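A short worksheet on the structure shown next.
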Amino acid sequence: MSQLRPDLAVIRDNVDPDSRVLDVGCGDGTLLAALRDQKGCDARGMEIDPDNVAACVGKGLSVIQGDADSDLAFYPDATFDYAILSQTLQTTRRPDIVLDELLRIGRKAFVSFPNFAHWRVRLTLFWSGRMPVTRLLPEAWYETPNIHHATIDDFRQLLRDRGIKVENAWFLKGDKHRSPAAANFRAEHAVFLLSK
């Protein structure tokens, strides 16, 4: 069994057994396989990268090639118990619309993303005047897939603006959980469980 990234472990641990799940931007299918094998879920995926789609299919996973910005519209309402978007929101053209689509096709949605307001990111930008390259944000500014550099507070405001309910939230620094207090400053990643 492969080791799950900390945000994916949070999601796996909080998905109800035997649920219908769509993982949007599922990568190589690591979370899908864990949900299928450990939770008995009907786990399906959508992934933009054809090599990742092939890797998923090779693992016996039900994954299609698709783009979160355009292809979620083809799913009927309330098709899934959970729609998952892990480390993908910041790479979409319209995160607000993608979020609406997740909550249209899923009763609940898990969303995880890197927090660009973490103190180390702020410090690097302050001292060097350049976009940081870190263990968790390893690409240079010109080659990163991240096009929306969101913070936890930005995301919370988006949820308030759209009337989206936070069922639960987890804040991570590496694989350690952090308290919600000062999460915008102290957490490297956030995971939210959302509903309408």
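The values are calculated or read from the model by the stated rules, or taken from the named source; none is laboratory data. Model, not experiment: these values are computed from the prediction. Don't worry about glycine lacking a Cβ; one is built from the backbone with ideal geometry, like all the others, and counts go over all protein chains shown.
Say whether the condition of being part of a strand (DSSP E or B), under 17 Å from the mean Cα position of the chain (by Cα) and among the small types (Gly, Ala, Ser) is met by at least one residue in the stretch 44-52.
Step one: list which residues in the stretch 44-52 are part of a strand (DSSP E or B), which gives 44-47.
Now drop any that are not under 17 Å from the mean Cα position of the chain (by Cα), which leaves 44-47.
After this cut, where a residue has to be among the small types (Gly, Ala, Ser) as well, the list is 45.
For the stretch 44-52, residues part of a strand (DSSP E or B), under 17 Å from the mean Cα position of the chain (by Cα) and among the small types (Gly, Ala, Ser): present.
Condition first: of a type in the set (A, V, I, L, M) and under 25 Å from residue 115 (Cα atoms). Now tell me which residues in the stretch 63-91 satisfy that. Show your work before the answer.
Keep residues of the stretch 63-91 that are of a type in the set (A, V, I, L, M), which gives 63-64, 68, 72-73, 78, 83-85, 89.
Correct list: 68, 72, 83, 84, 85, 89.
Out of all the residues in the stretch 100-120, is one or more free of Cβ contacts under 8 Å to residues at least 60 places away in the same chain and of a type in the set (Phe, Trp, Tyr)?
Checking the stretch 100-120: at least one residue is free of Cβ contacts under 8 Å to residues at least 60 places away in the same chain and of a type in the set (Phe, Trp, Tyr).
Quick test for you: out of 30, 88, pick the one residue that is of a type in the set (Val, Ile, Thr), touching a strand residue (DSSP E or B) at 6+ places or on another chain (Cβ under 9 Å) and surrounded by 19 or more Cβ atoms within 10 Å (Cβ to Cβ). Quick ask: steps written out before the conclusion?
Details: 30 fails: touching a strand residue (DSSP E or B) at 6+ places or on another chain (Cβ under 9 Å).
The match here is 88.
So which of 9, 55, 78 ends up being modelled with pLDDT of 95 or more and in a loop (DSSP other than H, G, I, E, B)?
Details: 9 fails: in a loop (DSSP other than H, G, I, E, B); 55 fails: in a loop (DSSP other than H, G, I, E, B).
The match here is 78.
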